[in-house]
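Bear in mind that the values in this text are calculations on the coordinates, not laboratory data. As the structure is a prediction and not an experimental result, all values here were calculated from the model. In this analysis, Cβ positions are derived from the backbone assuming ideal geometry, glycine residues included, and neighbour counts consider all displayed protein chains.
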Amino acid sequence: MKPVQDLTESEATDELQRLADEIASHDLRYYQDEAPAISDADYDALKRRNSEIEARFPHLVRDNSPSLKVGAARAAAFAPVEHGVPMLSLDNAFTDEEVLEFEARVRRFLRLPDEPVWFTAEPKIDGLSASLRYENGVLVQGATRGDGRVGEDVTANLRTIKDIPHRLKGAGFPEVIEIRGEVYLGHAEFEALNQTAVAAGDRIYANPRNAASGSLRQIDPTITAARPLKFFAYAWGLLSAPFAQGQWEALEKLNSWGFDVTPEASRVADATGLLGAYRAFEARRPLMGYDIDGVVYKVDRLDWQGRLGFVSRAPRWAIAHKFPAQQARTLLEGIDLQVGRTGAVTPVARLQPVTVGGVVVRNATLHNADEIARKDIRIGDVVILQRAGDVIPQVLGPAPDTARGPEPYAFPDHCPCPLHTPLARETTAGGAETVVRRCTGELACPFQRIEHLKHFVSRRAFDIEGLGEKQLQAFFDEGLIKAPADIFRLARNEAVLSVLREREGYGEVSVRNLVAGIEARRAISLSRFIYGLGVRHIGETTAVTLARGYESLANFLAAMDLVARGDEAAIAELDALDQVGEAVIKAAQAFFDEDHNRQTVQDLAQQLDVQDAEQPKADTAVAGKTVVFTGALEKLTRDEAKAQAEALGAKVASSVSKKTDLVVAGPGAGSKLKTAAELGIRVLTEEEWLALVGPQAQ
Ligand code: IVH
């Protein structure tokens, strides 16, 4: 690319035209399709080039210049909302020099050569910004940024985010205030969301930001509600009256009104402090649990912010110091297929090891066969690899301008397992093809079998202490454990145990722990037994429903036998259970129709004492009541409190509504307590709750 200072005026005109088109097309993909085609760093580079050319040829600045726009046009589905004060953007700094220059510029502008100038250093959260309008402390409207001036009305969706108070706490807030902040999704939540999408054959999101954006811009707010979005407040727009003198104080106020503010923000005095904060964020970044793409520095004093003002679309009093993109190029040496518990096959890139963001990466996900084909990723390509925080590294596609692998990748049509079973492309209930390819070998496929075993011993299933994944894999590889029943036989097989006792690195204590862990689970609840089978679509909640519905193992197995044989009465009985639908019925049929699966289950049952399900109690003080726990509990964990309430026949809900009968509130309880008061719902302390249920809980 020609250096900007060498461009002729006509070259500059052409290039600005090209850049405007290119940036606009990327904006569309980013904002409307949530599917960016290029990395943030490449996008920033385009915008920067545009600004540099404009700086040299100010008279060539176009009306539709990307430097005059923030974001992109709105999607049509939501009503437009005009922000009381526009939502602007931030200028970026990429190098230490640019940060020094920012600080110097602020000083020059304020004519403060020597006085300390305090800044806040806040993480730049990589989500999407939202504006929340509160009138007299009540949330009346919430909007996306849109083009900065007009956004989309997503009030109903924003209301489902638990970090967003429907009513401000405390006092001292202006009568009208637009609170601004970032809607985002944590790494763990992002992974879980994508895993669910894969299991359902849905499209996956490329990164947490796209997932957050896609989740917020759902027409149906119940979908948004099911996505664990979070919100950090960091700024404000329209105000009916000032409420703070500095950014730091403002963050404290926002926090006191019930918002989460990033706990990592700090206050520093000069450019050295800014750079120190940046280094600290670089180090903390992998541990934060959510994506940040830089650090935002803001002049603390609001009167100084006022004097500094804005240039076109960004404030002079703030700058975003961006992290270098965590991307790298490396050779795609091969593609392995990984087979999950349910047989879903995921292609995994085997890469020439490369360091990305301080971590050596050897494998990365290629998502699915369609993605490989769409991007024409070939073995032998130099590919672009991206690692965002803790999220599994992903291959974005072949690197442009590099030699390509010789031929398109032919996705195997057979499972890599020794059985070599054909892979089936999955279809939805409606018959549409999905992106998922599945091995049909079920438990006969060793890859699925080991995943089943891992699920079987996992914490929420049989929870076998002393048998971790690594040890399980080792026993599986040795042929000691092939099916769940083998685990229980192993614990009583003296011959094998004595060999294990002698084993280097294993030994007496490990064997004792292993046997104790297994024996402790020989008596097991029916719901854990059912969940442990790992039947598709039968998660923990459904397993509890089935256990309560059928009461005993004998009843359950007899019913499943009939269901598998298509017995209509048995199917109707299953269908009548709460939360059981077609997916569960189909999955149960498929599972129990297999001889192999039925034998595995019978074999396992013979090793165990499966206890009849306890019915929810009907004669307790809380039977049939809906209870909400909020705030910190001191004597019980949340899980315990929930289990106890459910054992006593209560239903535990997560939000307070007209249907709520009781709210148990501990210290720090917020908006739920307020809602309870408004709705006249009985509120108990933890102590009072224990007194109410205590005698019955024994
Ligand atoms: S302050 C006038 N603080 O970055 C600008 N923005 O590129 C007010 N962002 O639109 C924004 N974390 O979506 C601010 N701690 C933070 C931020 C932050 C993320 C986003 C926000 C904004 C964009 C600017």
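For the reader, a short list of remarks on this structure follows.
- Ranking G507, T541, G479 by Cα position along the charge dipole of segment 418-566, where only Lys, Arg, Asp and Glu carry charges on their C-beta atoms, puts T541 farthest toward the positive end.
- Using alpha carbons only, the radius of gyration of segment 415-491 set against its Kirkwood radius gives Rg/Rh = 1.08.
- Taking amide H positions as modeled 1.01 Å from N, with prolines and chain starts lacking one, the residues under 5 Å from R378 and 5 or more places away or on another chain are G405.
- Each of V268, V601, V383 was scored by other Cβ atoms within 10 Å of its Cβ. Arranged with the fewest first, they read V268, V601, V383.
- Between segment 136-165 and segment 460-528, the alpha-carbon center distance in angstrom: 52
- For segment 591-610 and segment 73-124, distance of Cα centres in Å: 63
- Crossing angle, helix 540-550 versus the chain [Cα axis fit, 0-90 degrees, rounded to tens]: 30
- Net charge over other residues, Cβ less than 13 angstrom from the Cβ of E282 (K, R count +1; D, E count -1): +2
- Legend: calculated FRET efficiency, I223 to Q338, from the Cβ-Cβ distance at R0 = 30 Å, rounded to 0.05, equals 0.55.
- Burial order of peptide ranges 309-315, 649-655 (average beta-carbon count within 10 Å, highest first): 649-655, 309-315
- Full extension of the chain between A197 and T402 gives 70.5 nm of extra length, using 0.36 nm per residue less the Cα-Cα distance.
- Angle in degrees between helix 271-284 and the longest Cα principal axis of the chain, rounded to the nearest 10: 20
- Backbone HN-Hα couplings from phi across segment 183-198 [Karplus 6.51/-1.76/1.60, Hz, Gly and Pro as x]: 8, 8, 10, x, 4, 5, 5, 5, 4, 5, 4, 5, 5, 4, 4, 4
- Dipole axis of segment 555-698 (+1 Lys, Arg; -1 Asp, Glu on Cβ), positive-most option in V663, A590, A623: V663
- The ellipsoid equivalent to the alpha-carbon distribution of segment 559-681 has semi-axes of 39, 18, 13 angstrom, derived from the gyration tensor eigenvalues as √(5λ) and listed largest first.
- Calculated over segment 293-442, the projected area of the Cα convex hull averaged across directions stands at 14.3 nm².
- Percent of Cα pairs in segment 611-658 per distance bin of 5 Å, from zero to the largest separation: 5, 22, 26, 24, 16, 6, 2, 0.
- Nearest-0.05 FRET efficiency for T428 and N513, computed from C-beta distance (R0 56 Å): 0.80
- Dividing the mean sequence gap of close Cα pairs (under 8 Å, 6+ apart) by how many residues the chain holds gives a relative contact order of 9 percent.
- Gain upon complete extension [D477, V360; 0.36 nm per residue less C-alpha separation]: 39.4 nm
- Against the main long axis of the alpha-carbon atoms of the chain, helix 638-647 sits at an angle near 40°.
- Linear extension gain, D578 paired with D260, 0.36 nm per residue minus alpha-carbon span: 110.9 nm
- Evaluated at q = 0.16, 0.20, 0.23 Å⁻¹, a Debye calculation over the C-alpha positions of segment 78-146 (equal weights, vacuum) places log10 I(q)/I(0) at -0.82, -0.95, -1.06.
- DSSP finds beta bridges in the chain, and of those with both partners inside it, around 80 percent are antiparallel.
- Couplings for segment 609-618, taken from phi via the Karplus curve 6.51 cos²θ - 1.76 cosθ + 1.60 with θ = phi - 60°, read 10, 8, 7, 4, 6, 7, 7, x, 6, 10 Hz in order; Gly and Pro are left as x.
- With eigenvalues of the C-alpha gyration tensor scaled by 5 and rooted, segment 314-360, Å: 36, 17, 8
- Its relative contact order, with pairs defined as Cα atoms under 8 Å and 6+ residues apart, puts segment 444-578 at 23 percent.
- With θ taken as phi - 60° and the Karplus curve 6.51 cos²θ - 1.76 cosθ + 1.60 applied, the whole-hertz 3J(HN,Hα) list for segment 215-225 is 6, 6, 9, 9, 5, 9, x, 5, 5, 4, 4 Hz, x standing for glycine and proline.
- The separation of segment 211-289 from segment 639-698, counted between C-alpha centres, amounts to 30 Å.
- If only the Cβ of Lys and Arg carry +1 and only the Cβ of Asp and Glu carry -1, the dipole of the chain around its Cα centre is close to 920 debye.
- log₁₀ of I(q)/I(0) at q = 0.05 Å⁻¹ - the chain, Debye sum with one point per alpha carbon: -0.31
- Its residues counted as N, segment 523-608 yields a C-alpha radius of gyration over 2.2 N^0.38 Å of 0.97.
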